[in-house]
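The values are calculated or read from the model by the stated rules, or taken from the named source; none is laboratory data. Since the model is a prediction, treat every value here as computed from it, not as a measurement. Counting neighbours? That spans all protein chains shown, and the Cβs are built from the backbone with ideal geometry, glycine included. Ligands, DNA and RNA are excluded from the accessible area calculation, which covers all protein heavy atoms including side chains. Shrake-Rupley method; radii C 1.70, N 1.55, O 1.52, S 1.80 Å.
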Amino acid sequence: MPKPNDLHHLAIATGDIKTQIEFFSDALGMELVALYWMHGADGCFHGFLKLHDKASVAFVQTPDNHKIPPEIGVTHAGNPTGSCAPGTMQHVALNVESEADLLAMRDRIRSRGIQVLGPIDHGMCKSNLMLELSTSTEAIDARQWIDPEVVALAGISAAELERYMHPSREVGKGGAVQQPPYDPAKPNPTMPEHMRAVLSWPDEQVTAMLSQNEPPVRITPAASGVRDTTDRSGDRGRAV
């Protein structure tokens, strides 16, 4: 059954992408692997810091991000137990392979003058806080970690719980399902009225018109060791 199996990228808004890259690279040792004009977004930078070859933490800097002041409880929670507006990121925990790695990362982060609590044993995993790094030795056992009291308080029935624990197994139809009509009651991206027509384009047109698959720097054959520095500034930050 197809289903998501890992994090590909988690995109976080920033008003200063350089500062974010500096922190995640220096404090956490994460490699910068991409920094380019975000496809289809006017004047917007997109940066990727590597977790592994197929997963990254990403940052997005638009021209107006720096004009929006961070506000605890609105833009972010402020701490791992704090409240914040629905739809914002409450917190993120990044994985490491072992408790020894947790201690090594604690040393690295503390050596940068940043306070770290932990490791804390949560039962299903162990974590360092405040910037959360976690490690698990085995898969989560749903029989032990789904609390009936919380299930009831969340308004989840027994039938719904069964469905959530065992989602339907669907193999798909080879991409044959057509795009449904626009429904304002469904989760939709915020976009100007004139761009909503994109949602009704045939799939082939979406792929043809919105795909931008060339990297900003073209590499010649490895033997030459020379980069193609062709100016592609005409495509930078171009919106759809």
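So the label point goes 7 Å from the Cα of Thr75 along Cα→C-beta, right? Which residues of the range 23-43 then have their backbone N under 19 Å from it?
Under cut-off, by backbone N: 23-24.
Tell me the net charge near His52. Cut-off is 12 Å between Cβ atoms, His52 excluded, with +1 for each Lys or Arg and -1 for each Asp or Glu.
-2
Relative contact order of the chain: what whole-number percent is it, with Cα pairs under 8 angstrom and at least 6 residues apart?
Relative contact order of the chain: 18 percent.
Non-local amide H neighbours of Met30 (under 5 Å, H modeled in plane, Pro and chain starts lacking H): which ones?
So Met30 has HN proximity to Ser25.
Express the relative contact order of the range 1-122 as a whole percentage, based on alpha carbon pairs under 8 Å and six or more residues apart in sequence.
21
Rolling a 1.4 Å sphere over the protein heavy atoms, what is the accessible area per residue of the chain, to the nearest Å²?
Values: 17590 Å² over 240 residues.
Per residue, the chain has an accessible area of 73 Å².
If R0 is 35 Å, what FRET efficiency do you get for Asp183 and Ala11 from their C-beta distance, rounded to 0.05?
Details: r = 25 Å, r/R0 = 0.71.
Plugging the Cβ-Cβ distance into 1/(1 + (r/R0)^6) gives 0.90.
With labels modelled as points extended 7 Å from the Cα through the Cβ direction, what inter-label distance (nm, one decimal) is found for Gln90 paired with Ala34?
Simple spin-label model gives 2.9 nm for this pair.
Which of these values of P(r) over Cα pairs in 5 Å bins from 0, in percent was calculated from the structure shown: (1) 1, 4, 8, 11, 15, 16, 13, 13, 11, 5, 2, 1, 0; (2) 1, 6, 13, 15, 15, 14, 14, 10, 6, 3, 1, 0; (3) 1, 6, 13, 18, 21, 18, 12, 7, 3, 1, 0, 0?
Answer label, from the structure shown: (1).
When the helices in the chain are scored as -39500 (n - 2.57) per DSSP H run of 4 or longer and the sum is shared across all residues, what 222 nm value do you end up with, to the nearest 500 deg cm²/dmol? Walk me through the numbers on the way to the answer.
Numbers: 6 runs with 48 residues, N = 240.
That calculation yields -5500 deg cm²/dmol at 222 nm.
Can you give me the relative contact order of the range 96-150 as a percent, contacts being Cα pairs under 8 Å and 6 or more apart?
It comes to 31 percent, rounded to a whole number.
Estimate the FRET efficiency between Thr190 and Lys67 by the formula 1/(1 + (r/R0)^6), using the beta-carbon distance for r and 22 Å for R0, to the nearest 0.05. Walk me through the numbers before you get to the answer.
On the way: r = 17 Å, r/R0 = 0.78.
For Thr190 and Lys67, the calculated efficiency is 0.80.
What's the longest piece of the chain with no exposed GluC sites (Glu not before Pro), counting a site as exposed if DSSP puts it in a loop and it has at most 10 other beta carbons within 10 Å?
1-96
Ordering Ser83, Ser168 by how much accessible area each has at a 1.4 Å probe, largest first, what is the list? Walk me through the numbers before you get to the answer.
Values: Ser83 95, Ser168 75 Å².
The ordering from most to least exposed comes out as Ser83, Ser168.
Just to be sure I follow the rule: in the chain, considering lysines 8 or more places apart or on different chains, how many pairs have Cα atoms under 29 Å apart?
So the count of such lysine pairs works out to 13.
Just reorder Val171, Val198 by solvent-accessible area, largest first, 1.4 Å probe, all chains present.
The ranking, largest first, comes out as Val171, Val198.
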